[in-house]
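The values are calculated or read from the model by the stated rules, or taken from the named source; none is laboratory data. Everything numeric here is computed off the predicted structure, so don't read it as measured data. Backbone-built Cβ (ideal geometry, glycine too); neighbour counts: all protein chains shown. The accessibility values were calculated without ligands, DNA or RNA, using every heavy atom of the protein model including side chains. Shrake-Rupley method; radii C 1.70, N 1.55, O 1.52, S 1.80 Å.
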Amino acid sequence: MSDKNTPFLTIDHITKWYPHNDGRIHLFRSREKRSWVKAVDDVSLTMNRGEVLGIIGESGCGKSTLGRILVRLESPTSGDVLLGGRSTAQMLREDRKAFRKRVQIVFQNPFDTFTPRDTIQKILMRPLRNYGIGASDEERLAMCREALEAGGLHPTDEILKRYPHELSGGQLQRISIIRSMFFKPDLIIADEPVSMLDVSVRADIINMLLDLAKKNNTAVIFISHDIALTRYISDHIAVMYLGRVVEYGRTDDVIAGPRHPYTRVLISHCADVDPDQARDSLPITGEPPTPINPGPGCYFAPRCFMACEGCRAAYPGRVELENGHYVCCSCIREE
Amino acid sequence: MEHLLDVRDLSITYLNKSRNVQAVRHASFTIDRGDSLGLVGESGSGKSTLAMGMLRILPENSIEMTGSALFMGKDLISISHEEMNRLRWKEIAVVFQKAMNALSPVHRIGTQIEDIYRVHEPRATKAEIHDRTMELLRMVNMPERVYRLYPHEMSGGMLQRVAIVISLLHSPKLLVFDEATTALDVVTQGQILEEVVAMEKTIEMTRIMITHDMSVVASSCRKVAVMYAGELVEIGMVRDVLKQPLHPYTQGLMSSFPSLKGEKKQLRAIPGFLPDLSDPPAGCAFASRCPHCTQQCLSQKPVLREMPDGRRVACHLVGGQKHE
């Protein structure tokens, strides 16, 4: 289906605008004159099978919306996502179930993920039944047991009988990962999967997710605001600011040598566990603005310590650096 | 020199019908003037209970407190409510995780600050309060117009800064941050921590930071106390403890924490769960999760012992001089 040159996942100019209610009547106003919340604004990314892509940014930068578009919980205003060279919009129209089998999501809050009135057995059996996996209920139950055992949840019989409120956040998040991995998906979106969990169990959940992904050759998009954690697990990192990707590259290139002023500010403000590392934070003024009709220039220009006249005129294009590393900044020259 | 706060053998138990949860057990530590102490541990380790107990803001009819907490010569645990109220805000102030939720949505920030100021200084004039607030707002890099804004007009980071300003109104000697920066964005958290550290250089302030984030402690505190299951397991200078943790729990916490620089080691979680605090184990509380657990750990409770570098560790496997 896909030859060597087409990447496994192509996010092609995805845009998601929500209409912004500013209290006026919009009936007679054209699309251009209305005010829009540009949650995701022209994002293009590619990734290969089995890779881990980290998406980082502050709250409100559109990283979760992008994740929801990828699993089609939201449909984009424009643009498309290609999976193995095929449009997901088309895949969804042709066979919804086949698409859902290939793309899965793990949500942030494990306490909200499950129906509170069902037992874990019911919760785990439902997708298997819906998608016709396994010949009989006995076989499906055995699959659940096996998956729970492999995920380090025992005694499995005890867990299967429990209700979500009887389990800890860490256990529930494991079950959420197990459930999303049942179909051996090609792509899994992990939307802040550990930010609600305790520090001491985070590492376990992350390792479990990555082990399962490696075993099934699943690509993982890891959405997080924790830069240090993302550095540990992802191959590439995309930094988002106000709905746009401002910097993308191999993890080590981005973290060790950030080029975009926003990425530099973000990383310089990250506290490290090593008390000897003197932090010299770069200056940043103001608060993150809302993405209501930003622009026309670089969205970061009002807060940027490097901003010049050219930044306010038009949104800067990509500046390509080595190893596929690129930044969108008009103050950086190509090497 | 006399310590600003001297906590001795403090235990706090939540009383229930069926079981009594011993949330803090025999905690002892001291803080000097101008010092900063980070109190870390996973959720349920009793770090908030310890601080809130000291401040007497736990419901008194459902807890039992023993031990003492001497603050400038007064025992916070046994003094009367009237006396405690005199200390609150003037001498000791707290900033909570979602302190912004305490602000009234229908009053301007300035009005609220005036009200709070007058609780402890009833005869203060408007101009006096205004001047003091402006001074503090400048310290946390906020524009003066904040005084006339409503809470909904500001972002979470700004509101948390307002909360810090309010806690500093009467220049308290001791300031407690209970996860005060946890809910904020990376950049905002970095900015606030920096402002707080810079502030301490200009005004005399002693600070306790309750957090689960080791990096917050690393960047803003001088001393750190690690709590596990209601007990203090390691106390010392940040530089010593975070660089070379001695207690297996501290080691576990550190190795489960990702670092921004340096080599990427495999992250390791601490297996197992917190013990049931209504029936704490006879030996070391961490024994069931400890990779180096011995027979002695299961039967005998380790006490805090002093190490050559001055820190104190409660573990049988780490030698050191017995304390006291």
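Please go through the range B:189-216 and give me each residue that is more than 8 Å from chain A (Cβ to nearest Cβ) and part of a helix (DSSP H, G or I), ordered by number. Break it down stepwise before answering.
Narrowing the range B:189-216 to residues more than 8 Å from chain A (Cβ to nearest Cβ): B:192, B:195-211.
Residues satisfying the conditions are B:ILE192, B:GLU195, B:VAL196, B:VAL197, B:ALA198, B:MET199, B:GLU200, B:LYS201, B:THR202.
So which residues in the range B:160-179 are within 14 Å of chain A (Cβ to nearest Cβ) and either open to solvent by 20 Å² or more (accessible area, probe 1.4 Å) or of a type in the set (Val, Ile, Thr) (or both), if there are any at all?
If the condition is that a residue be within 14 Å of chain A (Cβ to nearest Cβ) and either open to solvent by 20 Å² or more (accessible area, probe 1.4 Å) or of a type in the set (Val, Ile, Thr) (or both), then B:VAL162, B:GLU179 are the ones that fit.
Could you tell me which of the residues A:LEU148, A:LEU187 is open to solvent by less than 10 Å² (accessible area, probe 1.4 Å), more than 20 Å from the chain's Cα centre (by Cα) and on the phi < 0 side of the Ramachandran plot? Outline the logic, then answer.
Working: A:LEU187 fails: more than 20 Å from the chain's Cα centre (by Cα).
One residue alone meets the criteria, A:LEU148.
Among strands (runs of 3 or more DSSP E) lying entirely in the range A:231-320, which contain 3 or more residues that are open to solvent by 10 Å² or more (accessible area, probe 1.4 Å), out of contact with any helix residue (DSSP H, G or I) (no Cβ under 7 Å at 6 or more places or on another chain) and at pLDDT below 90? If you could, list the steps in order and put the result at the bottom.
On the way: elements: A:236-241, A:244-250, A:318-320.
Ranges flagged: A:318-320.
Given the condition within 12 Å of chain A (Cβ to nearest Cβ), of a type outside the set (Val, Ile, Thr), within 19 Å of B:VAL40 (Cβ to Cβ) and open to solvent by 20 Å² or more (accessible area, probe 1.4 Å), answer yes or no: does some residue in the range B:280-288 qualify?
Step one: filter the range B:280-288 for residues within 12 Å of chain A (Cβ to nearest Cβ), giving B:286.
Next, only the ones that are of a type outside the set (Val, Ile, Thr) stay: B:286.
Then keep just the ones that are within 19 Å of B:VAL40 (Cβ to Cβ); that gives B:286.
Narrowing the set further to residues that are open to solvent by 20 Å² or more (accessible area, probe 1.4 Å) leaves none.
Within the range B:280-288 (the criterion being within 12 Å of chain A (Cβ to nearest Cβ), of a type outside the set (Val, Ile, Thr), within 19 Å of B:VAL40 (Cβ to Cβ) and open to solvent by 20 Å² or more (accessible area, probe 1.4 Å)), the answer is no, since none of the residues qualifies.
Does B:ASP276 satisfy being outside any loop (DSSP other than H, G, I, E, B) and acidic (Asp, Glu)?
Against the criterion (outside any loop (DSSP other than H, G, I, E, B) and acidic (Asp, Glu)), B:ASP276 does not qualify.
Please report, ordered by residue number, the strands (runs of 3 or more DSSP E) entirely within the range B:1-68 with at least 1 residues that are touching a Gly at 6+ places or on another chain (Cβ under 9 Å), at pLDDT 90 or above and open to solvent by 10 Å² or more (accessible area, probe 1.4 Å). Step through it out loud before you land on a result.
Values: elements: B:5-15, B:20-31, B:36-40.
Passing ranges, in order: B:5-15, B:20-31.
Please determine, by comparing only the residues of the range B:69-116 that are assigned to a loop (DSSP other than H, G, I, E, B) and of a type in the set (Ser, Thr, Tyr), which one is farthest from B:ASP6 (Cα to Cα). If you could, list the steps in order and put the result at the bottom.
The first filter runs over the range B:69-116 and keeps only residues assigned to a loop (DSSP other than H, G, I, E, B), leaving B:72-73, B:76-80, B:89-91, B:96-98, B:103-108.
When the remaining residues are screened for being of a type in the set (Ser, Thr, Tyr), the result is B:78, B:80, B:104.
On the way: B:SER78: 14, B:SER80: 19, B:SER104: 35 Å.
Only one residue fits best here, namely B:SER104.
Does the range B:251-263 contain any residue that is at pLDDT 90 or above, under 19 Å from the mean Cα position of the chain (by Cα) and either more than 9 Å from every other protein chain (Cβ to nearest Cβ) or open to solvent by 10 Å² or more (accessible area, probe 1.4 Å) (or both)?
Within the range B:251-263 (the criterion being at pLDDT 90 or above, under 19 Å from the mean Cα position of the chain (by Cα) and either more than 9 Å from every other protein chain (Cβ to nearest Cβ) or open to solvent by 10 Å² or more (accessible area, probe 1.4 Å) (or both)), the answer is no, since none of the residues qualifies.
Enumerate the pairs (first residue in the range A:116-134 and under 18 Å from A:GLU166 (Cβ atoms); second residue anywhere and assigned to a loop (DSSP other than H, G, I, E, B) and open to solvent by less than 30 Å² (accessible area, probe 1.4 Å)) with beta-carbon separation below 7 Å, excluding pairs fewer than 6 apart on the same chain, so at least 6 apart or on different chains.
Cβ pairs passing all conditions: A:ILE123/A:PHE114.
Residues of the range B:268-318 being farther than 20 Å from B:GLU42 by Cβ and β-branched (Val, Ile, Thr), which ones?
Correct list: B:THR294, B:VAL303, B:VAL318.
Take the residues in the range B:180-195 that are surrounded by 23 or more Cβ atoms within 10 Å (Cβ to Cβ) and under 25 Å from B:GLY46 (Cα atoms); name whichever of them is farthest from the chain's Cα centre (by Cα).
B:GLN189
Any idea which of (1) in contact (Cβ under 8 Å) with a residue 12 or more places away in the chain; (2) not in a helix (DSSP H, G or I) is the one A:ALA147 doesn't satisfy?
(2)
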